Each structure stands twice: as structure tokens, then as C-alpha cells.
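Chemist: Once you've had a glance at the structure underneath, I'll fire off some questions.
Values quoted throughout were computed directly from the atomic coordinates according to the rules given, and no laboratory measurement underlies them. Just so it is clear, the structure is predicted and the values come from calculations on it, not from any experiment. Positions of Cβ are generated from backbone atoms using ideal geometry, with glycine treated the same way; all protein chains shown enter the neighbour counts.
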Amino acid sequence: MLHLLIFSVLLVAFSANAEAPWGGISTKSLIEIKSASGYLPAVVQINVNVRALPDKKAKKLGLLEGGKSIRAELLTGSEWARIEFKGFEAYVHQSALIVQSYKADINYSIKSNNSTVISMSGWHYSYLPGSYFLNYQSSLHGQASFGPISGSGLASIKSHFYKLRYVKRDIYLATSHESGNRTYYTAYLVIPTKKSLRVFQLPTFTKHDHNSLSIDGDILFFKGLAYNSCCEREQFDLTFNLSDFTYKYINYTVNSSDSVEVNSLEVDSTESRELELYFKTLPLRRNI
């Protein structure tokens, strides 16, 4: 379905040749949608000093108590947030806040007179996992939500929301993260249609794995390789048709300790399994 988009607002910062970082992946197949700027809802986690300038040595204007709801603007490239305090502009340290994150792609088609908004929103904690929801709204067809995508928004990782560079339809990719001994990334392929919002959970990977993601025509290729030990490695190969949503997902386990000699060459023993992706189809519902 080819959209005639006369007006489009994409909350994203990118250049024509920009590459979007996705964990350990850098790909030209994705456009990253950035968080909306400006004052957003926030909750004060702990008592925090309010300063006249974004500096710990700046004049102290007062104290914000933990549990208070405010609006704050996170300063780019800084650890400080701008707030309004007793009618004046002031600053608090970002680590004291739980800040709402909102990333959205907003489109309008004059041909169909349909406006759409797809967003990834939730709360970003400084030291704890946050929770995010995906929401799609169409003025003609209704709305649907998916979530929570838990484990997202850790301070050192944050969440990511992308639009695929695919001309036939709007398709999105959202990532969630879980942190333990290793940081695990789980990506969700998000496909709005006239009747539903379809969400496919893609294979999980870490930033230490060797991964690649690309689009050729209607096919999305996602491949990964992980070394579990000196002798064993796992790899997956996913081909996903973005036109009809069919796919083939194969997982391989290769153990070089079981290698056998064939014509003087060592051949690893390989086990392969064809797997299914977790997916959910959410019907669009119109507000009454």
C-alpha cells in the first residue's frame, strides 16, 4: 500500500546519509525517531536542590521534595534539567527525576483524509528499568496499544524507536533492553494496517554478537552470530517479507568440538531448527 503523504512530521534528527545505531548494529535501513523536546511530565524521585544555573556550585533557590510531579526539559549533552520554580527558570540534576519519554511519527494523507500517529512512550528511570508502550491511532480506522515493553530505558542504554526505510508501507522497529551480566536487546517489528496493529518479536541479541540488518526490496534480512564458548556458537538467519508478513527463521548451533575430518578438512557438527516468531495482532478499535 503506497501512501500519498502530503504532510508528514517525523520527530527525528538525521541527515540523508545518517546511520542509526542499534546496539552493536549500524545500519542505513533505519531512521531513528528521537524523543520529543521541550517540557515533559516528570516525577521527583528524591529530595533535590534547585539551582539558578546548571551547576552544583550555582546559587541554591530551594528544595523539591521526592514524589512531587513537575514538568522538566532535559538539556542535551548535560546532566541537568530545566524546570519552572516559583515562577522562575531553574535547574535540577536529571538523576533525581523520573522523566516521561515520548517518540512519535505523525502523518497526514490528503488523499484519504487520514491522520495517523504512532508513538513509543513511557517513563525513563535513572537507575532502574522503565516501561514503554506502543500506541497507534488512525483518524479513519481506530487505535490499538501494545505493551508494556519492559526492561527498556536503563540510564546507560535508553530505548530506541525507528522507522524502516521502506517505501510501500510504514513499518517501525522498537527495542527493549534487559541488563544483567550482559545487555540483551529485543526488537519488535511494528506494522500498522487498516484493521490492526501487528507486532512481531525478533530474535534477542547482545552488543557483543555479530549482527547485521538490511532491506533489499520487500525483504528484511536480520542475521546474528554469538559465541557461547570457545567451541560452540549460535547463529540465526531471519528473512522477513515486509509485503505479506511471511518469514523464515532458522537457528543454528555449531559445535567445533564435535568436528570430524572429511577429505582432510574439519567440518563442524551443526544442528538447525526452524523457529516461529512471537507475534500479536491487535484489532483497531474506534473510540465511542
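Chemist: Which whole-Hz ³J(HN,Hα) couplings does the stretch 92-105 yield from phi under the Karplus relation 6.51 cos²θ - 1.76 cosθ + 1.60, θ = phi - 60°, glycine and proline marked x?
Modeler: 9, 6, 4, 4, 8, 10, 9, 10, 6, 10, 9, 10, 8, 10
Chemist: Another question, then. Kindly write out, for the stretch 161-172 in residue order, the coupling ³J(HN,Hα) from the Karplus curve 6.51 cos²θ - 1.76 cosθ + 1.60 (θ = phi - 60°), rounded to whole Hz, with x marking Gly and Pro.
Modeler: Coupling constants for the stretch 161-172: 9, 10, 10, 6, 7, 9, 8, 7, 7, 7, 9, 10 Hz.
Chemist: Given H placed 1.01 Å from N in the peptide plane, which residues other than close sequence neighbours of T206 have an amide H under 5 Å from its amide H?
Modeler: HN-HN under 5 Å from T206: Y185.
Chemist: What does the net charge come to around Q100 if you take all other residues with beta carbon closer than 13 Å to its beta carbon, with K and R at +1 and D and E at -1?
Modeler: The answer is +1.
Chemist: Could you give me the ³J(HN,Hα) list for the stretch 33-50, computed from phi with Karplus coefficients 6.51, -1.76, 1.60 and θ = phi - 60°, whole Hz, x at Gly and Pro?
Modeler: These are the phi-based 3J(HN,Hα) values: 9, 8, 5, 4, 8, x, 7, 10, x, 8, 10, 6, 6, 9, 4, 9, 6, 9 Hz.
Chemist: While we're looking at this one, here's another question. Taking H placed 1.01 Å from N in the peptide plane, check which residues at least 5 places from N114 or on another chain put their amide H under 5 Å from its amide H.
Modeler: Distant-sequence amide H within range of N114: S109.
Chemist: Still on this structure: Amide H to amide H, which residues 5 or more places from S101 or on other chains are under 5 Å from it, using H placed in the peptide plane?
Modeler: G122, W123, H124
Chemist: Under 9 Å from the Cβ of R51, count the other residues' Cβ atoms, weight Lys and Arg +1, Asp and Glu -1, and hand me the total.
Modeler: +3
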